[in-house]
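None of the figures in this text is laboratory data; all of them are computed from the coordinates on show. Source: prediction; values computed, not measured. We place every Cβ from the backbone using ideal geometry, glycine too, and count neighbours over all the protein chains shown.
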Amino acid sequence: MTDDGTAAAAATGTLGYEQARDELIEVVRRLEAGGTTLEESLALWERGEELAKICRHWLEGARARLDAALARPQDEPGGGPGSDG
């Protein structure tokens with residue numbers, strides 16, 4: 001399901017958004033395909049829940065950064081239109 005780099009990142013809790021998203025897509029694909037035992041399906045479901053939380057964490061962090069950037073006054077250095085920079 002994962003390569004060695006992704007598995008190592010997951011073990012240390014440093015899975016990036018794209019890695020978590022891609023693994024979640026694979027988990028969903030396997031669940032939808034069927035052919036797994038109940039135990040395997042439950043393990044996949046649990047992993048999917050973990051991956052969804054990781055993705056949600058990354059997206060919430062990105063939203064907070066965007067909100068902070070948009071809340072900055074336009075006259076700060078590197079500001080928007082009309083700045084002398």
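Using a cut-off of 13 Å between beta-carbons, work out the net charge of the residues near LYS53 (Lys and Arg +1, Asp and Glu -1, LYS53 not included).
Numbers: positive: ARG21, ARG47, ARG56; negative: GLU23, GLU46, GLU49, GLU50, GLU60.
Once positives and negatives cancel, what remains is -2.
Taking the Cβ of LEU66 as the centre, find all other residues whose Cβ is under 13 Å away and add up their charges (Lys, Arg: +1; Asp, Glu: -1). Let's see the in-between values first.
On the way: positive: ARG63, ARG65, ARG72; negative: GLU60, ASP67.
Net charge in that neighbourhood comes out at +1.
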